[in-house]
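Structure record follows, encoded as structure tokens.
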Amino acid sequence: MTDHSKGSFFGRRVGKPLRAQRREVFETALRRLQPDLSHPAPWDLRTLFEAPVEAVWMEIGFGGGEHLLHEARRLPATGFLGVEPFVASLAKAVVEIEAERLANVRVYGDDAIKLLDWLPGASLDGLYQLYPDPWPKRRHWKRRFVNPVNLDRFARVLKPGALYRFASDIDTYLDWTLARLLAHPAFEWTAEGAADWLTPWQPWSGTRYEAKAYREGRKGHYLEFRRR
């Protein structure tokens, strides 16, 4: 498999420094919440979680954690692996996870490719990518996470029948994603009509990026694919 693990899918990881107290809580909690990729992954991902869970989903690029935490609270019997390389966003979610003692969430603060390659095959029940960076300039399209190599990664870790859900407000990235998923033999589009890609999955928490898009006059679209 082509090596796409050099961090080419995101830009600056560190923003403003965290306050001392927040940094201490964050660093302590992250040591507990972040899987140690120096050891082999468990064959059953459910054992990663403190809570007894029946299924495991991943969210790549969870931003401030609005959707990740909403789903973790709503579905305590589902384990959630959240990936977010940007430290400020990661810290915001980790502090909330720690404060609420959410036992069905683990997080990873680096490139999602590293975690995907660590996971055992057919180990995820579903995967979300919500409002990822569209890299709108043509010269940056190689940075888009949706590409044939990463779709092979998704296909490897998703169980048969598992779902991949993608949301964006950028028409060109939606067209890009739909074309590549339709061309991939491991996935089938679940939509039966226009309402299926114009309506969020329910119940839906939204994200801050989605809210920004609506404020600026753009609408979200929601694509769902099933692993064959």
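The values are calculated or read from the model by the stated rules, or taken from the named source; none is laboratory data. These numbers were taken from a predicted model, which means no experiment stands behind them. A quick note on method: Cβ atoms are made from the backbone with ideal geometry, for glycine too, and the neighbour counts reach across all protein chains shown. Just so you know, the surface numbers come from the protein's heavy atoms only, side chains and all, with ligands and any DNA or RNA stripped out. Shrake-Rupley method; radii C 1.70, N 1.55, O 1.52, S 1.80 Å.
Dipole check for the chain: with +1 at the C-beta of Lys and Arg, -1 at the C-beta of Asp and Glu, and the Cα centre as origin, the magnitude is about 780 Debye. Residues whose amide H falls under 5 Å from that of Gly64, counting only those 5 or more places apart or on a different chain, are Arg208, with hydrogens built in the peptide plane. Ranked from largest to smallest solvent-accessible area, with a 1.4 Å probe on the protein heavy atoms, Glu224, Glu84 come out as Glu224, Glu84.
With unit charges on the beta carbon (Lys/Arg positive, Asp/Glu negative), name the residue among His140, Leu68, Ala194 whose Cα is farthest towards the positive pole of the charge dipole of the chain. Result: His140.
Taking label points 7 Å from Cα along the Cα-to-Cβ direction, Asp196 and Asp36 give a separation of 4.4 nm. Considering only Lys114, Lys212, Lys137, the Gaussian network model of the chain with Cα springs below 10 Å gives its largest mean-square fluctuation to Lys137.
Largest mean-square fluctuation among Ala93, Ala112, Ala41, in a Gaussian network model of the chain whose springs join Cα atoms under 10 Å apart, belongs to Ala41. Electrostatic bookkeeping for Ser123 treats Lys and Arg as +1 and Asp and Glu as -1; over the other residues with beta carbon under 10 Å from its beta carbon, the sum is +1.
Test of understanding: what is the full-extension gain from Lys212 to Ala179, defined as 0.36 nm times their sequence separation minus their Cα-Cα distance?
The span from Lys212 to Ala179 would gain 9.3 nm if fully extended.
With the cut-off at under 20 Å, measuring from each backbone N in segment 206-228 to a point 7 Å along the Cα-to-Cβ line of Lys159 picks out 224-228. Each Lys or Arg adds one and each Asp or Glu takes one away; over the other residues whose Cβ falls under 12 Å from the Cβ of Pro35, this sums to +2.
Taking all protein chains as shown and a probe of 1.4 angstrom, Ile60 keeps an accessible surface of around 20 Å². Within the chain, antiparallel bridges make up roughly 30 percent of the DSSP beta bridges whose residues both belong there. Each part gets one Cα centre, and for segment 173-228 versus segment 22-52 those centres are 29 Å apart. Couplings 3J(HN,Hα) of segment 144-157, computed from phi: 4, 5, 6, 8, x, 5, 6, 5, 4, 4, 4, 4, 5, 8 Hz, in residue order, whole Hz [Karplus 6.51 cos²θ - 1.76 cosθ + 1.60, θ = phi - 60°; x for Gly and Pro]. Estimated at the nearest 10 Å², the accessible area of Thr28 is 70 Å² with a 1.4 Å probe. In this view, the solvent-accessible surface of Trp135, computed with a 1.4 Å probe and all protein chains in place, comes to about 40 Å².
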